[in-house]
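Enquirer: Structure incoming, see below.
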Amino acid sequence: MLPRAPSRLLVLTASLAVAAPPAQAQPSARDIVDRVDQLLRGRSSQGRVTMEIVTADWSRSLDMEIWSLGTEYALVRVLAPRKDAGTATLKAGNDLWNYLPRVDRTIKLPPSLMSAAWMGSHFTNDDLVKESRLIEDYDISIGFSGDRDGVAVWEFVLTPKPEAAVVWGRIEEQIRQADDMPVWARYYDERGALARSIAFSDFRRMGGRLVPARMTVEPADKPGESTVLQYQELAFDVGLEPSFFSLQRLQRGER
Amino acid sequence: MASPWVRIGWRNLGRNRRRTILTAGGLAVGYCGVVVLAGLTDGMVGEMLRNGTGVLSGQIQIHAPDYLPERDMHRTIGGRDGTELSRLLERADAQPGVAAAAPRVYAGGLVSTGGATIGATLIGIDPTREARTTLLLGSLREGRVPRDGANEILLGSEMARTLDAQLGDEIVVVAPAADGSLGNDLFTVSGIYHSGIGDLDVSTALLPIGTLQRLLALDPGRIHEVVVRVPDPWAAPGIADALQTAITDPSVAVQPWTTFRPEMADYARLAQSSFWLVLVIVFTMAIFGVANTLLMATFERRFEIALLRALGAGPGGLVRAIVAEALALGVIATGIGALVGLVLITWWHHKPPDLSVFFGGFSMMGSYIRPVLRTEYPWPMFGWAAIALILTAVLAALYPAYRAIRTPAAETLAGR
Amino acid sequence: MMTRLGLLVRLALRNLRRQARRSVLTASAMVLGLALLVFTRSIGDGAHETWIKAGVRLASGHVTVVAPDYLPRRTIEDRLPAAGARAALDALARSDLAPLVEIAAPRLELRALASSPRGAVPVVVYGVDPTLEPAFSQLTTRLVEGRALLASDRLHAYVGVGLAQRLHLRLGDRVVLTAQGADSTIADQLVRVAGTFRSGLPEVDDGVIHIPIATAQAWVGVGDDVSAVAILLHSSRDADRVVRSLTAALGTDGTAVALPWPTTTPELDSAVKLDDYGNYVFHFVLLLIVALAIVNTILMAVLARTRELGILRALGLRRRDTATLVLFEGTLLTTVAGLLGAALGLAVTFGIFRDGLDFSAFYSGEMTAAGAIIDLIMIPEFRLDHMLQNVVWIFIIGVVASLYPAWRATRIEIAEAMKFEG
């Protein structure tokens, strides 16, 4: 299974909901992606995550609960620390809302603010909102197939199609052949300079699937900074409907 | 004891008062015109400098050395530990030439009403000090300055319009805090300002510095900027240097407006240099008027001059007489022109004609200019114009003087 | 009555000729004064016209055709339908308007977010016609690197140099533009940097991108609609006339209105008017000096002719006629001199300085005012209305300057006058 642009937190969760059986023989990269794409619609998930952020000026740790439905809907609520508990973000289609419990208000984020960091992490609002359309936006080829450090892996190279509305010049991903687990993903600008990289680790079974429970994002231009996502709990096919993802639920703080 | 020729020259003025008055009048108008135009130009340049630097940025700014240009919220003066604010401000106040100083905290965030959410620059200010240092609070249009401890905020006019916010409305303010959390709180609109500078009115909201520090999880000693007012803009570079040397703890970078707004310095110089063209034109005209008159006067008095020559007056004496007359004329004209000019300039300095009735305001070099023709006192120009005028008068006399001594006396007396 | 007047006129003319020296002296002040006036006025007018044109190039042109509710919010819902734009362009092609128009450029203006791997900034995107835009904004002449847009371009962008720096963009790099489309959904568009420009105006260099209009229309899904048709005229003074014609042509169905530049760029209008005012003060001072010089010389001339005038009185000329005579002399002389001076001024201005007066030595970098980059070479402009004003002023000065001397002439007593030498 080829995870979709793994930098996108929710999409990762969603995509983990549709782990496909390991590939037979040597299917084309495009087939793999396409199959996953078809399976993704209509799958729901729920989980608990810890996010640790290290920047040059401060370090923080957040506990969050996440619900998602496909790539269209998602709800993230912060549980800890106390100062931020109750802060929630709702994505429905292309719109993004933030709920601020301290003032009990909901604000809708306009497109111009999509570049801002989400909750201070190295993800942006845009990462949350944008539905990736990998096979539409990228041409996928296999850069390497073989052993790295004794583990059989593929390294896929994703090259954006000439008219795709994406900023990356190239994305590279390393996937384990045995179980389709991603190992790392690297994002390059058009001149080949690394812009950010994501490492996957702590592979274990959660909600009936094998998943990388730990994701580390490192920006290339700020050495020493990182955001680490650690899954504590994860469940799939929990029966969520689009109506679940409403502004009322955003504000109410219920499960 | 003035030579007899000089006295003759001087007395000639009195003998034909009308001509003297008219000629002196022409010169005086030239002088007065130049001086008043200089005053108006200085006034306009001064307004531009005052607004460009006086509304928000101040004439001198003090930051932590690594604060600019990114304006990273964490790079406060004195680093993580901040600084003793009162000591820093007093040190700035005490510098000769400084009129006032005010502290500032900056943040980028969101402001939102029920209807709309927009990005905004938030500035934390000390209202008392700010009012002494910049003009921004003076452009308050409705309501009042926000009070500390009351969660009040001051919005720009265009921002209020976009948000459809009125006095007393509730605003949500969200900004990333220094500890990584998302600072957010509810504020009440206590006032709306209208600086006239479009970029400012649409993007910037002001709140008390303590309130913003709490929103951003910054200690009270952590600020980003000290803004300093120096009433004479051209003294700013020197004073900035002095402050840079004087303030060693905390480590700071001090900049005058000529560094952070160099285009304004350029414009001021351009306005002043183009004014010399005006000066030349006006004085050319004035020279002409005087030369004309003196030439005709010499012609009309040719009998008198011939008689004097016949009586033995040498050419030197005659020239001196004519030049003395012109000099006296010049001095009188300068006196009158300076007096009238001073009256006009003082009047328009304190009660400038306000043309807002005909035009609105406009922006130049990013500052807002109101069409108020306020004059400044162009003291150097008073001096330069006086020198130019007197030189003019004397030079203008030379040709007629030359003509006077060239004409053979006998022919003139013969009744030509 | 006629004969008397005729007599006085002939006398006046003859007197002027006889006193050549005095006449020349008086006239010369007027000649110089008017030459200077014409010179400075023409330069000033030319500078204003250049200033206005520079300003409206970077804004919405001398005349703008928009949907009635478009200003001031400029949202995509209030765009100009394709039919309205076409009607405007058709009207401009008509024979009565076409000669006045330099270029008419349709544009689509959008607020968007521009993203690169290194960040994202809010920008204003202009969808422009690459064949028309160069003549309109002249941003093509301010190229820093790469090239401006071509007619064959589709996914290319012409980017302000400040913006390119902020997003760490080099030529050929991808930029993703995100905006709210016509149906309120968020739409993305990829473009690549074809070239960068430096206008000198920070708000333009840091926040403006040009892309082909067809690409912009497809991006936000507006079909052939535009935001505005921006029209650049040869002379800013034709704006009102063009607005009137267009308003008539566009009809009253409310799909489109034509706006003159003082409405769309009021800042520029105020600035130019204020500068105008300053110029009037200067001209007033200049003319006052001229007037005083003339009064002086005419008066001196009259007084010098005391005996002559006394004789004329003795011969039967009434006091009143003496005054009229002096008045005629003064007015005639100054009028002729004034016209000569104006002619001299015109010759010097448009002969020697036709290519302009260059101030750029005094100023480094770019000077901006009211949203325009001031061109520091001031090219003179001839304005018939201003020249006519000048002529009127000449006449008025001539009359006024002669009044006091004329009155003095009436005070001449025959007996006393005989004591003077002639």
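Since every read-out is calculated from the coordinates, none of them should be taken as a lab result. Quick caveat: nothing in here was measured; it's all calculated off a predicted structure. Neighbour counts run over all protein chains shown; Cβ positions are idealised from the backbone, glycine included.
Enquirer: In whole Å, what is the distance between the alpha-carbon centres of the range B:20-54 and the range A:49-73?
Expert: That distance is 66 Å.
Enquirer: Residue separation times 0.36 nm, minus the C-alpha to C-alpha distance between residue B:15 and residue B:379: what's the value?
Expert: Net length gain for the segment: 127.6 nm.
Enquirer: Restricting to DSSP loop positions (anything but H, G, I, E, B) with no more than 11 other Cβ atoms inside 10 Å of their own Cβ, which chymotrypsin sites (Phe, Trp or Tyr not before Pro) remain in the range A:139-242? Don't skip to the end; give the middle numbers.
Expert: Values: sites: A:144, A:154, A:156, A:168, A:184, A:187, A:188, A:200, A:203, A:231, A:236; in loops: A:168.
Answer by residue number: there is no such site.
Enquirer: At a 10 Å Cβ-Cβ cut-off, how would you order B:63, B:74, C:210, C:62, fewest neighbours first? Provide the component values of the computation, followed by the final result.
Expert: On the way: B:63 20, B:74 17, C:210 28, C:62 31.
The order, fewest Cβ neighbours first, is B:74, B:63, C:210, C:62.
Enquirer: For a quick check: with amide H placed at 1.01 Å from N, whose amide H comes under 5 Å from residue A:207's, ignoring anything fewer than 5 positions away on the same chain?
Expert: Residues meeting the criterion, in which the H sits 1.01 Å from N, are A:234.
Enquirer: A follow-up question, please. Starting at 0 and stepping by 10 Å, how many percent of the alpha carbon pairs of the protein assembly as shown end up in each bin?
Expert: Using 10 Å bins, I get a P(r) of 2, 9, 14, 17, 16, 13, 10, 7, 5, 4, 2, 1, 0, 0 for the protein assembly as shown.
Enquirer: To continue, here is another question. Taking only C-alpha pairs under 8 Å that are 6+ residues apart, what is the relative contact order of the range A:29-252 in percent?
Expert: On the way: 479 pairs, mean separation 45.4, N = 224.
Reported relative contact order: 20 percent.
Enquirer: Counting partner chain Cβ atoms within 10 Å of every residue's Cβ in B:173-185, what's the average?
Expert: Working: counts 1, 8, 0, 4, 3, 2, 7, 14, 10, 11, 3, 9, 4.
Mean shielding count: 6.
Enquirer: For the range A:29-252, just the Cα atoms, rotate onto the principal axes and tell me the three extents in Å, largest first.
Expert: 53, 41, 37
Enquirer: In whole angstrom, how far apart do the alpha carbon centroids of the range C:389-422 and the range C:317-339 sit?
Expert: Using only Cα atoms, the two centres lie 7 Å from each other.
Enquirer: Just to verify a number: FRET efficiency for residue B:276 and residue C:248, C-beta to C-beta distance, R0 = 56 Å, to 0.05? Before the final figure, lay out each step's value.
Expert: Values: r = 49 Å, r/R0 = 0.88.
Here the calculated transfer efficiency is 0.70.
Enquirer: Which lysines, on any chain, are close to residue C:53 with Cα under 22 Å apart, when same-chain ones fewer than 8 places away are left out?
Expert: C:273
Enquirer: From the phi of every residue in the range C:333-341, what ³J(HN,Hα) in whole Hz does the Karplus formula 6.51 cos²θ - 1.76 cosθ + 1.60 yield, where θ is phi - 60° and glycine or proline is x?
Expert: Working through the residues one at a time gives 4, 5, 5, 4, 4, x, 5, 4, x Hz.
Enquirer: Okay, next question. Which FRET efficiency, nearest 0.05, do residue A:237 and residue C:118 yield, Cβ-Cβ r, R0 35 Å? Intermediate values should be presented prior to the final figure.
Expert: Numbers: r = 39 Å, r/R0 = 1.12.
Computed FRET efficiency for residue A:237 and residue C:118 comes out at 0.35.
Enquirer: Taking only C-alpha pairs under 8 Å that are 6+ residues apart, what is the relative contact order of chain B in percent? Please list the in-between numbers first.
Expert: Working: 746 pairs, mean separation 112.7, N = 416.
So the answer I get is 27 percent.
Enquirer: Okay, next question. Summing Lys, Arg as +1 and Asp, Glu as -1, what charge do residues with Cβ under 12 Å from the Cβ of residue C:320 carry, residue C:320 excluded? The partial results should precede the final answer.
Expert: Details: positive: C:4, C:313, C:318, C:319; negative: C:321.
Summing Lys and Arg as +1 and Asp and Glu as -1 gives +3.
Enquirer: Just how far, in whole angstrom, is the range C:135-197 from the range A:193-247 if you go by their alpha carbon centroids?
Expert: 35
Enquirer: Report the extension gain between residue B:94 and residue B:248 in nm, rounded to one decimal, defined as 0.36 nm multiplied by the number of residues separating them, less their alpha carbon distance.
Expert: Working: separation 154, 0.36 × 154 = 55.44 nm, distance 1.51 nm.
Using 0.36 nm per residue and subtracting the Cα-Cα distance, I get 53.9 nm.
Enquirer: What order do you get for B:199, B:185 when you list them from fewest to most C-beta neighbours inside 10 Å?
Expert: On the way: B:199 15, B:185 20.
Least to most surrounded, the residues fall as B:199, B:185.
Enquirer: With r defined as the distance between the Cβ atoms of residue B:331 and residue B:132 and R0 fixed at 51 Å, what FRET efficiency is calculated, to the nearest 0.05?
Expert: 0.70
Enquirer: How big is the C-alpha Rg of the range C:148-208 next to the rule-of-thumb value 2.2 N^0.38 Å, as a ratio?
Expert: On the way: Rg = 12.4 Å, N = 61, 2.2 N^0.38 = 10.5 Å.
Scaled against compact globular proteins, the figure is 1.18.
Enquirer: Next up: If we sort B:309-322, C:393-406 on the protection proxy, mean other Cβ atoms within 10 Å, highest first, what's the order?
Expert: Working: B:309-322: 16.8, C:393-406: 20.3.
Answer by packing, highest mean first, reads C:393-406, B:309-322.
Enquirer: Here's another thing I want to ask about it. Which ordering of B:125, B:336, A:140 is given by a fewest-first count of other beta-carbon atoms within 10 Å? Intermediate values should be presented prior to the final figure.
Expert: Details: B:125 26, B:336 18, A:140 21.
Neighbour counts put them in this order, fewest first: B:336, A:140, B:125.
Enquirer: Here's a follow-up. Under a 5 Å amide H to amide H cut-off, with H placed in plane at 1.01 Å, what residues pair with residue A:124 once short-range neighbours are removed?
Expert: A:118
Enquirer: Whole-Hz Karplus ³J(HN,Hα) for the range C:17-22, in order, using 6.51 cos²θ - 1.76 cosθ + 1.60 and θ = phi - 60°, x for Gly and Pro?
Expert: 3J(HN,Hα) across the range C:17-22, in whole Hz: 5, 5, 9, 3, 4, 5.
Enquirer: Quick one: 3J(HN,Hα) in Hz for the range C:136-151, Karplus 6.51/-1.76/1.60 with θ = phi - 60°, rounded, Gly and Pro as x.
Expert: Working through the residues one at a time gives 7, 8, 6, 5, 5, 7, 9, 4, 9, 9, x, 9, 7, 6, 10, 4 Hz.
Enquirer: In nm, to one decimal, how far is the modelled label at residue A:30 from the one at residue B:346, with both set 7 Å along Cα→Cβ?
Expert: The two pseudo-label positions are separated by 8.9 nm.
Enquirer: Grab the DSSP H runs of chain C that are 4 residues or longer, score each as -39,500 (n - 2.57), total them, divide by all residues and round the 222 nm result to the nearest 500 deg cm²/dmol. Don't skip to the end; give the middle numbers.
Expert: Numbers: 14 runs with 214 residues, N = 422.
Calculated at 222 nm, the ellipticity per residue is -16500 deg cm²/dmol.
Enquirer: Further question: Would the range C:193-237 count as rounded, prolate or oblate if I go by the C-alpha gyration tensor, calling it rounded below 1.5 in a/c and otherwise prolate when a/b exceeds b/c, oblate otherwise? Intermediate results must be reported in sequence, preceding the final value.
Expert: Details: a/c = 2.49, a/b = 1.12, b/c = 2.23.
Verdict is oblate for the range C:193-237.
Enquirer: Here is a follow-up. Restricting to the protein assembly as shown, compute how many DSSP beta bridges are antiparallel as a %, nearest 5.
Expert: Working: 169 of 190 bridges.
About 90 percent, rounded to the nearest 5.
Enquirer: Compute the angle between helix B:315-350 and the longest alpha-carbon principal axis of chain B, please, reported from 0 to 90 degrees and rounded to the nearest 10.
Expert: So the helix axis and the longest Cα principal axis differ by about 30 degrees.
Enquirer: Using the Kirkwood formula over every pair of different C-alpha atoms, what hydrodynamic radius in Å results for chain C? List each step's numbers first, then the result.
Expert: Details: mean 1/r = 0.0391 Å⁻¹.
Result for chain C stands at 25.6 Å.
Enquirer: Okay, next question. Suppose the chain between residue C:145 and residue C:24 were pulled fully straight at 0.36 nm per residue; how much longer would it get relative to their current alpha carbon spacing? Intermediate results must be reported in sequence, preceding the final value.
Expert: Working: separation 121, 0.36 × 121 = 43.56 nm, distance 6.09 nm.
Contour length minus Cα-Cα distance gives 37.5 nm.
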